[in-house]
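Novice: Can you keep this structure in mind? I'll have questions shortly.
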Amino acid sequence: MPRGDGTGPVGGSGPGTGRGMGRGGGGRGRMGGTKPGAGPAGQCVCPGCGATTPHQVGVPCYQVSCPKCGANMVRQ
C-alpha cells in the first residue's frame, strides 16, 4: 500500500490478500476434534455395527474391542 488507499501494488495483490486471508484456517484449534488427545469426554464408536461405549481416560479407542462384534472402536 504505497499510498495508503488499500489498493497495493499492481499484479493481483490488492485488498484482501494480506496475511491470514484465504489460507484455509478456521480450524478447531489445537488438539480439537477426533485427533489424538481429544480430551477425556466422548465416546468410542464401532465402525462395523455402530455400537458405542464411553471413552475411558488413558485408553485409546482403537485399543478397545466392540462388545457386540469384536471390531476395534474409533473415537467419535
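Every read-out reported here was derived from the displayed coordinates using simple, explicitly stated rules and does not represent laboratory data. Values in this document were obtained by computation on a predicted structure and should not be read as measured data. Positions of Cβ are backbone-derived with ideal geometry, glycine not excepted, and every protein chain shown enters the neighbour counts.
Novice: Mind listing the long-range amide H neighbours of Gln43? Cut-off is under 5 Å, sequence gap 5 or more, other chains count too, H placed in the peptide plane at 1.01 Å from N.
Specialist: Excluding prolines and chain starts, which carry no amide H, the hits are His55, Gln76.
Novice: First select every other residue whose beta carbon is under 14 angstrom from the beta carbon of Pro47; then total the charges, Lys and Arg +1, Asp and Glu -1.
Specialist: Computed value for this residue: +2.
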